[in-house]
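Written out below as structure tokens is the structure these notes cover.
The values are calculated or read from the model by the stated rules, or taken from the named source; none is laboratory data. Please read all numbers here as calculations on a predicted model, not as lab measurements. Counting neighbours? That spans all protein chains shown, and the Cβs are built from the backbone with ideal geometry, glycine included.
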Amino acid sequence: MDQIMASEPEPVVIPGPVVAAVRVARTCLMDAQFRLDDHGVHCRLLNGLQDGATTLLAEWAGRHRPSIAEQLPSYVVEAAIEWRLSRRRA
């Protein structure tokens with residue numbers, strides 16, 4: 001009886017210039033997020049773009065991006081929410 005073994009696809013090698021371009025894009029997106037934060041503005045779409053760029057870089061490096069949301073103590077989350085609310089009022 002012959003068995004057909006399903007093999008995993010070979011990893012794709014991402015060219016260095018592509019990785020460098022995504023790193024630059026991620027840095028620019030983070031800069032935009034910080035500048036919006038300084039003006040009390042929050043943009044979910046911009047956050048999603050930056051998150052996507054970070055996820056790409058992690059996956060291309062062979063890592064899975066951990067979710068830190070479950071690791072943060074509730075007092076850190078509450079402090080972050082309070083800080084953001086106070087910045088919007090200023």
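Annotations
- Subset of region 75-90 (residues that are part of a helix (DSSP H, G or I) and modelled with pLDDT under 85): Val77, Arg87, Arg88, Arg89
Conditions (1) at pLDDT 90 or above; (2) surrounded by 14 or more Cβ atoms within 10 Å (Cβ to Cβ); (3) closer than 30 Å to Trp83 by Cβ; (4) not charged (D, E, K, R), marked per residue:
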residue: Pro11; (1), (2), (3), (4): no, no, no, yes
residue: Val18; (1), (2), (3), (4): yes, no, no, yes
residue: Arg35; (1), (2), (3), (4): yes, no, yes, no
residue: His42; (1), (2), (3), (4): no, no, yes, yes
residue: Leu57; (1), (2), (3), (4): yes, yes, yes, yes
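- Flag if Leu49 is under 11 Å from the mean Cα position of the chain (by Cα), more than 17 Å from Arg84 (Cβ to Cβ) and in contact (Cβ under 8 Å) with a residue 24 or more places away in the chain: no
- Scanning region 13-44 for residues that are more than 25 Å from Ala61 (Cβ to Cβ) and free of Cβ contacts under 8 Å to residues at least 40 places away in the same chain yields Arg35, Leu36, Asp38, His39, Val41, Cys43, Arg44.
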